[in-house]
Amino acid sequence: DRHHHYLRCLIGDFTQFGYSVRWKVVRLCTWGSAQDRKRLVVIAAAPGESLPPFPQATHSDGGRDGLEPFTTVRQAISGIRHTDSLQDLRRVKYYNPPRPPLSDDRLAGTITTGSRDFYHPDGHRELSLREYACLQGFPRHHQFIGNKTSIRRQIGNAFPPNTVGVLY
């Protein structure tokens, strides 16, 4: 709501040049993200091109309406192997005493560059960079370049890649 003026200006600029525009705030968990993250998605078509509709939801709470159930934290991080890049558990912070355990059968909150409130569901340690990346929708094999801070920034600033496939 606080940026509505900027959105109107952006849409006005597009339409001034003959583009057709649709926009919608989407809960990305309805497109397969393991996060309960809302994002503004804008679709535009050049003059003379047809404007595609927004994709339908692919996931729902509990798998209602014949859709897949929301992707849980457990599903997002369960396939990670200790040999995967960025999964070095010797380099993560361990908590003593442990933090309260979290259910891994839920959606994660929004992954950001400073997602320090997130920790492994067992409460014993922080998440590895690979776990952050998988919660953000990156495939296990995706390679990042840079130091820990740079990689965390890349992960947190990304639009969840697994939802981009639905959008395209």
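The values are calculated or read from the model by the stated rules, or taken from the named source; none is laboratory data. What you see is a predicted model; the values in this text were computed from it and never measured. Cβ sites come from the backbone with ideal geometry, for glycine too, and all protein chains shown count toward neighbours. Calculation scope for accessible area: heavy atoms of the full protein, side chains included, ligands and nucleic acids excluded. Shrake-Rupley method; radii C 1.70, N 1.55, O 1.52, S 1.80 Å.
Computed quantities for the displayed model
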{"item": "Residue in the stretch 86-116 that is surrounded by the fewest Cβ atoms within 10 Å (Cβ to Cβ), counting only those that are of a type in the set (D, E, K, R) and under 21 Å from SER150 (Cβ atoms)", "result": "ARG90"}
{"item": "Any hit, the stretch 15-33, residues being hydroxyl-bearing (Ser, Thr, Tyr), closer than 30 Å to LEU127 by Cβ, in contact with a helix residue (DSSP H, G or I) (Cβ under 7 Å, 6 or more places away or on another chain) and surrounded by 15 or more Cβ atoms within 10 Å (Cβ to Cβ)", "result": "yes"}
{"item": "Flag if GLN56 is within 24 Å of ILE151 (Cα to Cα) and either over 17 Å from the mean Cα position of the chain (by Cα) or surrounded by fewer than 15 Cβ atoms within 10 Å (Cβ to Cβ) (or both)", "result": "no"}
{"item": "Test: residue in the stretch 41-51 that is over 22 Å from the mean Cα position of the chain (by Cα), polar (S, T, N, Q) and surrounded by 16 or more Cβ atoms within 10 Å (Cβ to Cβ)", "result": "no"}
{"item": "Contacts under 8 angstrom Cβ, first residue in the stretch 95-112 being among the basic types (Lys, Arg), partner outside any loop (DSSP other than H, G, I, E, B), 6 or more apart", "result": "ARG106/VAL73"}
{"item": "Test: residue in the stretch 2-10 that is assigned to a loop (DSSP other than H, G, I, E, B) and open to solvent by 90 Å² or more (accessible area, probe 1.4 Å)", "result": "yes"}
